[in-house]
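Working notes for the structure below.
The values are calculated or read from the model by the stated rules, or taken from the named source; none is laboratory data. Small disclaimer: the values here were computed from a predicted structure and weren't measured. We place every Cβ from the backbone using ideal geometry, glycine too, and count neighbours over all the protein chains shown.
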């Protein structure tokens, strides 16, 4: 499915959102069911779509489009890996991931307002997958770069080989995930009300309304 996210500016609204619910009708387990209860509750899945009985227009579109179905399956696998990482992380990480995933699923209905809802949904899935991969270090990454900004502030940038390319930016206690978009020169990353534009060692940053000029520091 072609990625047209960067031609669809409205999709930036989907980035902060994420979603989760128990997914009915997608999993089939072979063998005889045990009478004993499982030791651990089943992991919640990435979406609650039931293709046997779609609950809304978005579910119907995903279930009836082969490309969207493949992306949904891919998201399921990546989300399961993210859950595993969250379970091993600090207390509350899994609940936060679950809440964000539910919010993302709800945000998909915004694509129905788009002139090409199928493409919008495809882009949203692709961005969500790469966002999870970067947030939970599930994709290969380059050595993090530290950017020193005027005023003494620093931004730690980790770049991931996802599709599209993704960067995790850490500034103090704040962390954002941005995706590479189109630019006339350099590399421009966008998302979560943050713009990170790299030209050589220099970076122009708009961090939620605050403008910063930063320079990458040489490796120690």
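Can you name the residue in the stretch 76-93 that is in a helix (DSSP H, G or I) and exposed (fewer than 13 other Cβ atoms within 10 Å of the Cβ) and, of all such residues, is nearest to the chain's Cα centre (by Cα)? Looking at the filtered set, the residue picked out is 77. If you filter the stretch 130-189 down to residues that are out of contact with any strand residue (DSSP E or B) (no Cβ under 7 Å at 6 or more places or on another chain) and surrounded by 18 or more Cβ atoms within 10 Å (Cβ to Cβ), you find that the one that is farthest from residue 85 (Cα to Cα) is 162. When the stretch 207-220 is filtered for residues that are within 15 Å of residue 157 (Cβ to Cβ), loosely packed, with under 15 Cβ neighbours inside 10 Å and modelled with pLDDT of 95 or more, the ones remaining, listed by number, are 213, 215.
Taken over the stretch 167-193, the criterion of being farther than 21 Å from residue 96 by Cα, in a strand (DSSP E or B) and free of Cβ contacts under 8 Å to residues at least 60 places away in the same chain is satisfied by 180, 187, 188, 189. Within the stretch 103-113, the set of residues being touching a helix residue (DSSP H, G or I) at 6+ places or on another chain (Cβ under 7 Å) and surrounded by fewer than 17 Cβ atoms within 10 Å (Cβ to Cβ) comprises 109, 112. Consider the stretch 30-51 and keep the residues that are at pLDDT 65 or above and in a loop (DSSP other than H, G, I, E, B). The one that is surrounded by the most Cβ atoms within 10 Å (Cβ to Cβ) is 46. If you go through the stretch 154-164 and pick out every residue that is under 17 Å from the mean Cα position of the chain (by Cα) and free of Cβ contacts under 8 Å to residues at least 24 places away in the same chain, you end up with 2. Taking the criterion of being without any contact (Cβ under 8 Å) to a residue 60 or more places away in the chain and over 21 Å from the mean Cα position of the chain (by Cα), would at least one residue in the stretch 131-139 satisfy it? No, the stretch 131-139 contains no residue that is without any contact (Cβ under 8 Å) to a residue 60 or more places away in the chain and over 21 Å from the mean Cα position of the chain (by Cα).
Quick check, is residue 96 assigned to a helix (DSSP H, G or I), surrounded by fewer than 15 Cβ atoms within 10 Å (Cβ to Cβ) and in contact (Cβ under 8 Å) with a residue 60 or more places away in the chain? Considered against the rule, which asks whether it is assigned to a helix (DSSP H, G or I), surrounded by fewer than 15 Cβ atoms within 10 Å (Cβ to Cβ) and in contact (Cβ under 8 Å) with a residue 60 or more places away in the chain, residue 96 comes out as no. Scanning the stretch 190-201 for residues that are surrounded by 13 or more Cβ atoms within 10 Å (Cβ to Cβ) and over 17 Å from residue 131 (Cβ atoms), we see that the one that is farthest from the chain's Cα centre (by Cα) is 198.
Here is a yes/no grid of residues against (1) farther than 15 Å from residue 128 by Cβ; (2) modelled with pLDDT of 95 or more:
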| site | (1), (2) |
| --- | --- |
| 1 | no, no |
| 14 | no, no |
| 24 | yes, no |
| 61 | yes, yes |
| 88 | yes, no |
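Taking the stretch 52-75 as the range and being without any contact (Cβ under 8 Å) to a residue 40 or more places away in the chain, under 19 Å from residue 109 (Cβ atoms) and surrounded by 13 or more Cβ atoms within 10 Å (Cβ to Cβ) as the test, the residues that pass are 54, 59, 60, 63, 69. Over 20 Å from residue 70 (Cα atoms) and either modelled with pLDDT of 95 or more or out of contact with any helix residue (DSSP H, G or I) (no Cβ under 7 Å at 6 or more places or on another chain) (or both): is that true of residue 125 in this structure? No.
For residue 204, are the conditions met, namely being out of contact with any helix residue (DSSP H, G or I) (no Cβ under 6 Å at 6 or more places or on another chain), within 28 Å of residue 49 (Cβ to Cβ) and surrounded by fewer than 20 Cβ atoms within 10 Å (Cβ to Cβ)? No: the conditions fail for residue 204.
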